[in-house]
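Heads up: the structure comes next, in structure tokens.
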Amino acid sequence: MSFVGSGNVATHLAHALINHGIEIVEVFSEKMENAKRFAAEINCSVVESLKNLKATDLIIIAVPDSKIEEVSLQLPENDSLVVHTSGITNMASLSGIKRIGVFYPLQTFSQQRTVEMLEVPFCIEAHYEEDCKLLLGLASKLSNNVKRVSSEQRKVLHLAAVMVSNFSNHLYALANEILEKSNLEFDFLLPLIKETALKAADVHPLDAQTGPARRNDVSTLEEHLEMLKEFPEFRETYKLLSEQIIKKYNE
């Protein structure tokens, strides 16, 4: 097995795979220093050109979405199964390759944190049925949550994932900036953030909603908007989200 790409997704996947006794043979990355770091961690070889990648059972392309097709066109012709790890990119973007598939872990990966891979949903797709079975089996070694998902379904999952993860984290950053302005620490919010996340596993999102917009508490909403005058961009975000919640529950 080999990797094209040496970023967060590639690194986390590679560690999980070698922990299950799966050998990583080679890695290619546009940035040689990143490829060398990856190779040192994973104990594999570095190749300096995509055309020099050896034929292996599986080549995992873990690069930015915009680079996937470009990478696929540079791979040598062989019988390797080639997959990408993108949530939004169609499987057909792997141009000119006979055996193609998708190996998408629906999770956020960062250098600073270790992810419990057993809990990560893996979305699997392949052109050939036998390759799909192979990928399902491989993913099942890493995770207890493995599903066969089409390209169109995966795009919807990716959209929803951006909303609950990336958008939520952006709101954390806005909240942190507001708190810092008043010499308050973000740690005050951590129990609330944890409880909100845990509640999502037990309560339907529509039933879990609380807060002044859910109650249509106009006086509190107006006070908050007044407080946010020194943060005009944040104020617009607060106003937009509040209006959407009010419409959902009070109209």
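The values are calculated or read from the model by the stated rules, or taken from the named source; none is laboratory data. Nothing here was measured: the structure is a model prediction, and the numbers come from that model. A quick note on method: Cβ atoms are made from the backbone with ideal geometry, for glycine too, and the neighbour counts reach across all protein chains shown.
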| said: The conditions are (1) small (Gly, Ala, Ser); (2) under 21 Å from the mean Cα position of the chain (by Cα); (3) closer than 27 Å to Val149 by Cβ, and Ser29 fails exactly one of them. Which is it? | reply: (3)
| message | For the list (1) acidic (Asp, Glu); (2) within 22 Å of Gly7 (Cα to Cα); (3) free of Cβ contacts under 8 Å to residues at least 24 places away in the same chain, I need the number of the one condition that Glu119 fails. | response | (3)
| query | Which of the residues belonging to segment 12-32 are part of a helix (DSSP H, G or I), surrounded by fewer than 21 Cβ atoms within 10 Å (Cβ to Cβ) and not small (Gly, Ala, Ser)? | reply | His15, Ile18, Asn19, Met32
| Any pair with Cβ under 7 angstrom, 6 or more apart, that starts in segment 160-187 at a residue that is in the same structural domain as Met227 (by TED's automatic domain parsing) and farther than 14 Å from Gln107 by Cβ and ends at one that is surrounded by 14 or more Cβ atoms within 10 Å (Cβ to Cβ) and among the aliphatic types (A, V, I, L, M) | Ala175/Leu189; Glu185/Leu179; Phe186/Leu179
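Need at least 2 residues that are touching a strand residue (DSSP E or B) at 6+ places or on another chain (Cβ under 7 Å) per element, so show me which helices (runs of 4 or more DSSP H) inside segment 135-251 make the cut, counting only ones lying wholly within it.
151-161
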| Does any residue of segment 43-56 turn out to be under 20 Å from the mean Cα position of the chain (by Cα) and without any contact (Cβ under 8 Å) to a residue 40 or more places away in the chain? | no
| field | For Phe3: the one exception among (1) of a type outside the set (S, T, N, Q); (2) outside any strand (DSSP E or B); (3) without any contact (Cβ under 8 Å) to a residue 60 or more places away in the chain; (4) in contact with a Cys (Cβ under 9 Å, 6 or more places away or on another chain) | value | (2)
| Taking interchain pairs and intrachain pairs at least six residues apart, which have beta carbon atoms under 6 angstrom, with the first residue in segment 125-148 and closer than 19 Å to Arg99 by Cα and of a type outside the set (Gly, Ala, Ser) and the second at pLDDT 95 or above and assigned to a helix (DSSP H, G or I)? | Glu125/Met91
| query | Does segment 135-145 contain any residue that is polar (S, T, N, Q), closer than 28 Å to Glu33 by Cβ, touching an Asp or Glu at 6+ places or on another chain (Cβ under 9 Å) and at pLDDT 95 or above? | reply | no
| task | Give segment 76-102 a look and list any residue that's touching a helix residue (DSSP H, G or I) at 6+ places or on another chain (Cβ under 6 Å), among the hydrophobic types (A, V, I, L, M, F, W, C) and touching a residue at least 40 places away in the same chain (Cβ under 8 Å), or say none. | result | Leu81, Ile88, Met91, Val102
| Any residue at all in segment 179-186 that is within 27 Å of the chain's Cα centre (by Cα) and surrounded by 11 or more Cβ atoms within 10 Å (Cβ to Cβ)? | yes
| query | How many of the residues in segment 69-93 are part of a loop (DSSP other than H, G, I, E, B), surrounded by 14 or more Cβ atoms within 10 Å (Cβ to Cβ) and out of contact with any His (no Cβ under 6 Å at 6 or more places or on another chain)? | reply | 7
| request: Sort out which residues of segment 51-68 are among the hydrophobic types (A, V, I, L, M, F, W, C) and surrounded by 13 or more Cβ atoms within 10 Å (Cβ to Cβ), and write them in order of number. | output: Leu53, Leu58, Ile59, Ile60, Ile61, Ala62, Val63, Ile68
